[in-house]
Amino acid sequence: MNCPPRIRVIGELINNAYARARRAWETRDLAGFQELARLQSDAGAEVVNLNIDGTQRVSVRTEEMLEFLPKVIPAIQEATDVPLSFDNPNIAYHRVALRAFDRSRCRGKPVFNSLAASRQDLPAMVELIREHDMRCIVMASECFKPDGGSAQSLDPQQSYETVKRFAELLVTQANRTLDDIIVDPGLAPVGADTYGLVNIGLDTMRLCSGDPHLRGLHFSVGLSNFAWGTPKASKALLERAYLTLGARVGLDFALANVEANSIPLPEDDPLVAQLAAALETGRAAAGESAEEAGFRQAAAIMEICSAYQEP
């Protein structure tokens, strides 16, 4: 088999969607967070993401997060020297995190996760990135509206224009290089993608990678979104097949689970071709709605999954 492409992993296990992280949060177990950070860096994660926000299973108040960050960040830095990604839409989270973060104990730049067109404090976020010499993740799945608002991007050209706008903003106002910018084109659950969002993300990366003025940008996705709702036996394999397809158009990072889905499948694995074909069925033909094509894509994905059903 051909060797799989290389994807640089942003470890996602410090997230209350995972039981171990949730238990560590509920008991404020610093050793538990250290174990998760060490596990991921030892497995090759180049960045460890820190997301202690609430989920459907646990409620977390902003005040609780801000109180805990000065304790958990030094503890994590005792366990690993990989860069940390601070993941929250609230600028107060990032300010508190950066005060607790010791750059001298880290072998790379911290990551601001994430910038988006809808962020209320966008100018202040850009300034924070400049002040602390950070890399940043930019969400291309939201676009700027002419009236100054924002909306979900439902077209790869819209996403591409958003990336160009953020790249110019970060280079000119935050003193960033393109190497500091990681674009997240968005990744929807492939079995319930009635707007063609998976293909929009792939096409966005294709457009950006083809623009010589954007050469040097990086791309990342939240991989665990992709196979949400599919059978357990096929879930990680579908996610790994997506990494292979994404790498063809520029994907080089992924927010992923180092224990399950962070290694792309080889190019000649049959599942890669099957997934590529299923995604092509999700492209609307002339006179057809995105929803009609999306249901066809979902049926193709379920057909793939049927071969992996456990007896």
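The values are calculated or read from the model by the stated rules, or taken from the named source; none is laboratory data. Remember, it's a predicted structure, so these values are computed and weren't measured experimentally. A quick note on method: Cβ atoms are made from the backbone with ideal geometry, for glycine too, and the neighbour counts reach across all protein chains shown.
Looking only at the range 49-61, decide whether some residue is buried (at least 18 other Cβ atoms within 10 Å of the Cβ) and in contact with a Ser or Thr (Cβ under 8 Å, 6 or more places away or on another chain). Yes: the range 49-61 contains one or more residues that are buried (at least 18 other Cβ atoms within 10 Å of the Cβ) and in contact with a Ser or Thr (Cβ under 8 Å, 6 or more places away or on another chain). When the range 269-288 is filtered for residues that are of a type outside the set (A, V, I, L, M), at pLDDT below 95 and either surrounded by 15 or more Cβ atoms within 10 Å (Cβ to Cβ) or at negative phi (or both), only Glu288 remains.
Taking the range 200-235 as the range and being more than 16 Å from the chain's Cα centre (by Cα) and assigned to a helix (DSSP H, G or I) as the test, the residues that pass are Asp203, Arg206, Leu207, Cys208, Ser209, Pro212, His213, Leu214, Lys232, Ala233, Ser234, Lys235. Each residue in the range 76-107 was checked for being surrounded by fewer than 16 Cβ atoms within 10 Å (Cβ to Cβ) and either over 20 Å from Glu127 (Cα atoms) or touching a residue at least 40 places away in the same chain (Cβ under 8 Å) (or both), and 6 of them qualify. Answer yes if at least one residue in the range 171-194 is assigned to a loop (DSSP other than H, G, I, E, B), more than 21 Å from Ile304 (Cα to Cα), of a type in the set (Lys, Arg) and touching a residue at least 40 places away in the same chain (Cβ under 8 Å), and no otherwise. Among the residues of the range 171-194, at least one is assigned to a loop (DSSP other than H, G, I, E, B), more than 21 Å from Ile304 (Cα to Cα), of a type in the set (Lys, Arg) and touching a residue at least 40 places away in the same chain (Cβ under 8 Å), which makes the answer yes.
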